[in-house]
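The structure appears right after this line, and notes come after that.
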Amino acid sequence: MIEHQVSEKFKEIFGGEGDIRYYFAPGRVNLIGEHTDYNGGHVFPCALTIGTYGAARKRADKRLRFYSMNFEALGVIESSVENLKPEKEADWTNYPKGVMWAFGEKGMQVEYGMDLLLFGNIPNGSGLSSSASVEVLTGFILRDLFGFEVTNQELALIGQFSENKFNGVNCGIMDQFAIAMGKRDHAIFLDTATLDYRYTPIRLENAKIVISCSNKKRGLGDSKYNERRSECETALAEIQEVCGIQTLGDLTEQQFEQCKNSVKDEVRQRRAKHAVYENQRTIRAVEALNNDDLKLFGELMNASHVSLRDDYEVTGIELDTLVEEAWKIDGVIGSRMTGAGFGGCTVSIVRDEAVDDFIRQVGSAYEKKIGYAADFYVVEVGDGPRRLQLQG
Ligand code: GLA
């Protein structure tokens, strides 16, 4: 059991005395609705059963001591609740520190320090939101250790706020929301303009969700993520000169076609087109799932990839190869890149009997073309963050 390894390590690194508590927060995968969450559109992610495990103990002083079993070479990284600033040397601890800082900004000052040890079984940099998982986990721990009154939805917003303002990535709300609000065997149909959401059962009879990880590392901060976001903001401002909308998510495809020429630049027009069409695809995909029309759901996933490849231009040869090889296989219902793009992973819905062939064929074609191997994970849809009771 992972929590036992986490417990052993915590005691080895920080000592076994006092009230040590154990926690888990999931990773997430987005099924459809990509790059819509900062455009007031819909997303359709789900939490996974893989994620981040944490062991934490409150301290009587102001010190913070952090240790990650994923980055053991970094050793213990220290800080203090009186010195919550992003620092390059602080490495991954900028995520938990950012959340502590964000709690303070929201009027919940963290007065005492803690010892915190993490272990994640989400592949790092894979696009399954290992950083949002750490953020939500930290918020959940702060609530539990220090008694702050804050809902899971607020934990998601605080996580996003810390990512935006402390870690400098202008991400939307999808990842933190999917993690904080996750529900076993359900995806979350979220309207990012209003934060209205609905759980939709994921009934994949005779099929699995397969994640293909490109192993091309992607750092959101130095990627083109922020650039895409500002391209969309500019396009929105141009459209607003002729049409009274709040967000690109307010437009249907037809409305967009009527006003698209107000966007003066061809590239920007394609970015906005993706945001509008992807949002409508997401609405239609959820409807398809509710009607048990998995075939249509898969076709919409495929169309989402094409749009991300051609109009939004966030895929790249690695993700395109994974998806295009997947499409060749009988038994693949749908396949697309997921997350921010520029590396990371793809999500595919694959019939049970085709999963082995999928991994073999996509794996060997990928390695041949790209020169290194991809990794594959058959994942399950899990619950949101929780405290773990250590047994035995
Ligand atoms: C990243 C961001 C999300 C979202 C996706 C793209 O995962 O953190 O907010 O914008 O990219 O859909």
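The values are calculated or read from the model by the stated rules, or taken from the named source; none is laboratory data. Nothing here was measured: the structure is a model prediction, and the numbers come from that model. Please note: Cβ atoms are built from the backbone with ideal geometry, for glycine as well, and neighbour counts cover all protein chains shown. Just so you know, the surface numbers come from the protein's heavy atoms only, side chains and all, with ligands and any DNA or RNA stripped out. Shrake-Rupley method; radii C 1.70, N 1.55, O 1.52, S 1.80 Å.
When Gly182, Gly219, Gly159 are checked against the criterion of being more than 18 Å from Val379 (Cβ to Cβ) and at pLDDT 95 or above, Gly159 stands alone in meeting it. Would you call Ser126 of a type in the set (S, T, N, Q), touching a residue at least 40 places away in the same chain (Cβ under 8 Å), in a helix (DSSP H, G or I) and open to solvent by less than 50 Å² (accessible area, probe 1.4 Å)? The answer is no for Ser126.
Selection of segment 72-115 for residues being under 14 Å from Asp61 (Cα atoms) and among the hydrophobic types (A, V, I, L, M, F, W, C) yields Val81, Val110, Met114. Among the residues of segment 285-300, those that are open to solvent by 100 Å² or more (accessible area, probe 1.4 Å) and charged (D, E, K, R) comprise Glu287, Asp292, Lys295. Taking the listed residues Ala340, Ala373, the one that is in contact (Cβ under 8 Å) with a residue 60 or more places away in the chain, within 16 Å of the ligand (Cβ to nearest atom), open to solvent by 10 Å² or more (accessible area, probe 1.4 Å) and of a type outside the set (Val, Ile, Thr) is Ala340, with no other qualifying.
So which of Gly139, Gly120, Gly172, Gly147 is in contact with a Leu (Cβ under 6 Å, 6 or more places away or on another chain) and either of a type outside the set (A, V, I, L, M, F, W, C) or open to solvent by 40 Å² or more (accessible area, probe 1.4 Å) (or both)?
Every option except Gly139 fails the conditions.
Across segment 138-160, the number of residues qualifying as of a type in the set (A, V, I, L, M, F, W, C), more than 16 Å from the ligand (Cβ to nearest atom) and touching a Pro at 6+ places or on another chain (Cβ under 8 Å) comes to 1. Condition check for Arg284 on (1) in contact (Cβ under 8 Å) with a residue 24 or more places away in the chain; (2) closer than 19 Å to Val347 by Cα: one failure, at (1). Residues in segment 319-337 that are farther than 17 Å from Leu31 by Cα and in contact with a Lys or Arg (Cβ under 9 Å, 6 or more places away or on another chain) were compared, and the one that is least open to solvent (accessible area, probe 1.4 Å) is Thr321.
Quick check on segment 86-96. Is at least one of its residues among the hydroxyl-bearing types (Ser, Thr, Tyr), over 17 Å from the mean Cα position of the chain (by Cα) and open to solvent by 10 Å² or more (accessible area, probe 1.4 Å)? No, segment 86-96 contains no residue that is among the hydroxyl-bearing types (Ser, Thr, Tyr), over 17 Å from the mean Cα position of the chain (by Cα) and open to solvent by 10 Å² or more (accessible area, probe 1.4 Å).
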